[in-house]
Amino acid sequence: MDAKLSPDQGLNISGIGLASLLALLLTTAALILDWMGNRIPWQATSLTLPMVLCALGVAVLGQWVIPLLQALKTGQIIREDGPQAHLKKAGTPTMGGIFFIPVAVVVACIAANFAQDVVAVSALTLSYGLIGWIDDWQILRRKSNKGISPRMKLALQIAFALIFCLWLMSSRETNITNISLPWLGLSLPLGFLFWPVAGFVLVAESNATNLTDGIDGLAAGTVAIAIFALGALISPTSPELMIFCAALSGSCLGFLAHNRNPARVFMGDTGSLALGGALASVALLTNTLVALFILSGIFFVETLSVMAQVSYYKATKGPDGKGKRLLKMAPLHHHLELSGWTELQVVAAFYVISAVLALICITTIKM
């Protein structure tokens, strides 16, 4: 796939140009927010240093890991019923999550002096990454686009979510079952219902980011924006988790150096499931579920598009067993591709939407 679009396609920017612009904007935002928060950017307890350190570390590490993944024959299996333009991506190494997720976890734990909350969200993130790795490995072993069964994947996600919720229940002296409602200045008491909600958020968020990972640079960039905004939002009350968010955002930016269009490596379920778990676990610990819902707008719409496609197909199924499609293909990013959008146009549009949602949260929600 060409790294650069022609002017008549409406967006004359290369994949590396788009990724570089995102990195520049997030770094600038980190410096401004650190200045506003009276934090020194070159210290570990800031947004800037963990983010920049992880970005550079992952970008450099990828130069060694990607050839290794190629040597191990971890080439992606491409769906034959997907966009035909994607067939040329067959053989691109996957499982990229094995190198950019650990970098963020290590840097965050060290910078936060192994704070309990950071260790907990790191463990959850790595656990969900492990589920993704098992799925990716099964896909490669079977040489098909089907990994472990959906039932097994869901069972593992629920199991790790349950362990995290049990830890959350035992580690909090104060009542955490009240959901904060920004703008209203109120809290919604859920009581026992908080725990199934918490489990649902963990599982749903990880699957939503997984569905979003279908175009070069899409999931990495949108998550980099969302997790950065979440870190900025919680910085006054949870500085240790702010460090974790900044580190993971930086790792996503570093991964974009290799995953931007045209991608040299895919994150696979190893990365996408881990990213969703990280977002959800931080939000649960900091009582920012409403903010998470806003920041996850892209992931929510992507998931909704799949649900709507499946539901409409079943509802219109005729005697021949075939139904109608609401979209040309789900998730939404594939529908846009088949409607004539280029990959870079889709990615750029989703980046802008994610940035707007992030700006809304940072400027209107007060912790």
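Those helices (runs of 4 or more DSSP H) of segment 256-367 in which 2 or more residues are farther than 30 Å from L61 by Cβ occupy 289-295, 297-315, 332-338, 343-364. Listed by first and then second residue, the pairs linking a residue in segment 292-319 that is farther than 27 Å from A348 by Cα and of a type in the set (F, W, Y) to a residue that is assigned to a loop (DSSP other than H, G, I, E, B) and open to solvent by 30 Å² or more (accessible area, probe 1.4 Å), with Cβ atoms under 6 Å apart and 6 or more places separating them unless they lie on different chains, are Y312/L326. Within segment 141-190, restricting attention to residues that are closer than 16 Å to D269 by Cα and of a type in the set (S, T, Y), the residue that is modelled with the lowest pLDDT is S144. Tally time: how many residues in segment 5-24 are loosely packed, with under 15 Cβ neighbours inside 10 Å and modelled with pLDDT under 65? Residues flagged as loosely packed, with under 15 Cβ neighbours inside 10 Å and modelled with pLDDT under 65 within segment 5-24 amount to 5. Residue pairs whose Cβ atoms lie under 6 Å apart, separated by 6 or more positions or on different chains, with the first residue in segment 211-232 and assigned to a helix (DSSP H, G or I) and the second of a type in the set (D, E, K, R) and buried (at least 24 other Cβ atoms within 10 Å of the Cβ), are L211/E302; T212/E302; A219/D213. Just wondering, is there one or more residues in segment 177-198 that are of a type in the set (S, T, Y), crowded, with 22+ Cβ neighbours inside 10 Å and either touching a helix residue (DSSP H, G or I) at 6+ places or on another chain (Cβ under 7 Å) or part of a helix (DSSP H, G or I) (or both)? Checked against the condition, which is being of a type in the set (S, T, Y), crowded, with 22+ Cβ neighbours inside 10 Å and either touching a helix residue (DSSP H, G or I) at 6+ places or on another chain (Cβ under 7 Å) or part of a helix (DSSP H, G or I) (or both), segment 177-198 yields no hits at all. The set of residues in segment 25-79 being crowded, with 20+ Cβ neighbours inside 10 Å and modelled with pLDDT under 95 consists of L69, T74, Q76.
Close Cβ contacts (under 6 Å, 6 or more residues apart or on different chains) running from residues in segment 148-166 that are part of a helix (DSSP H, G or I) to residues that are among the polar types (S, T, N, Q) and surrounded by 14 or more Cβ atoms within 10 Å (Cβ to Cβ) comprise F160/S127. I131: assigned to a loop (DSSP other than H, G, I, E, B) and touching a helix residue (DSSP H, G or I) at 6+ places or on another chain (Cβ under 7 Å), yes or no? For I131, the condition - assigned to a loop (DSSP other than H, G, I, E, B) and touching a helix residue (DSSP H, G or I) at 6+ places or on another chain (Cβ under 7 Å) - is not met.
The values are calculated or read from the model by the stated rules, or taken from the named source; none is laboratory data. From a predicted model like this one, the values you see are computed outputs, not experimental measurements. Cβ sites come from the backbone with ideal geometry, for glycine too, and all protein chains shown count toward neighbours. Accessible surface areas use protein heavy atoms only, side chains included; no ligands, DNA or RNA. Shrake-Rupley method; radii C 1.70, N 1.55, O 1.52, S 1.80 Å.
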